[in-house]
Amino acid sequence: MSNRRRMTGVVTSNKMDKTVSVSITRRFRHRLYKKVIERHSNVKAHDELGCEIGDKVLVVESKPISKTKRWAVEEIIRKTVSPEHV
């Protein structure tokens, strides 16, 4: 197994060709006040799997693919159910 960073997030946009925007949420406890805080970061990831908006994905750090892409979708953890399939 490689030592590249892996993070889970939710796909927020898939309007680009072979690129998705993924929102990564991390939670931590504040040092002084002990309150659990959520911080969000958005990354662009290379997508060969055809992700849809709302899918939970595992992204892995990769070499720079373009000016803003530094991550790649490794697997889709949970597909979202679209309204037309229900």
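Derivation of every value follows stated rules applied to the coordinates shown; laboratory data play no part. Please read these numbers as outputs of a predicted model, since none were measured by experiment. Cβ atoms come from the backbone with ideal geometry, glycine included; neighbour counts cover every protein chain shown.
What to note about this one:
- For GluC sites (Glu not before Pro), the sites in segment 16-76 that DSSP calls loop and that have at most 16 other Cβ atoms within 10 Å are Glu48, Glu52.
- Residue of Arg70, Arg31, Arg39 that the Gaussian network model of the chain assigns the largest fluctuation, springs spanning Cα pairs under 10 Å: Arg31
- Given their separation in residues at 0.36 nm each and the Cα-Cα distance between them, Thr68 and Ser23 gain 14.7 nm when the chain is fully extended.
- The chain: most fluctuating residue of Lys18, Lys69, Lys35 per GNM, C-alpha cutoff 10 Å: Lys35
- Charge dipole magnitude, Cβ of K and R +1, D and E -1 - the chain, Cα centre, debye nearest 20: 820 debye
- Residues with amide H under 5 Å from that of Asp55, placed H, sequence gap 5 or more: Val11, Thr80
- Using equal-weight Cα scatterers in the Debye expression, the normalised intensity of the chain in log10 at q = 0.13, 0.24 Å⁻¹ is -0.47, -1.13.
- Among the listed pairs Lys15/Lys63; Lys35/Lys79; Lys34/Lys63; Lys34/Lys67; Lys35/Lys67; Lys15/Lys56, those beyond 28 Å (Cα-Cα): Lys35/Lys79; Lys34/Lys63; Lys34/Lys67; Lys35/Lys67
- Sequence-separation-based contact order of segment 6-85, relative, with Cα cut under 8 Å and 6+ spacing, percent: 29 percent
- Counted by neighbouring Cβ atoms within 10 Å, the residues Ser23, Ser66 run from fewest to most as Ser66, Ser23.
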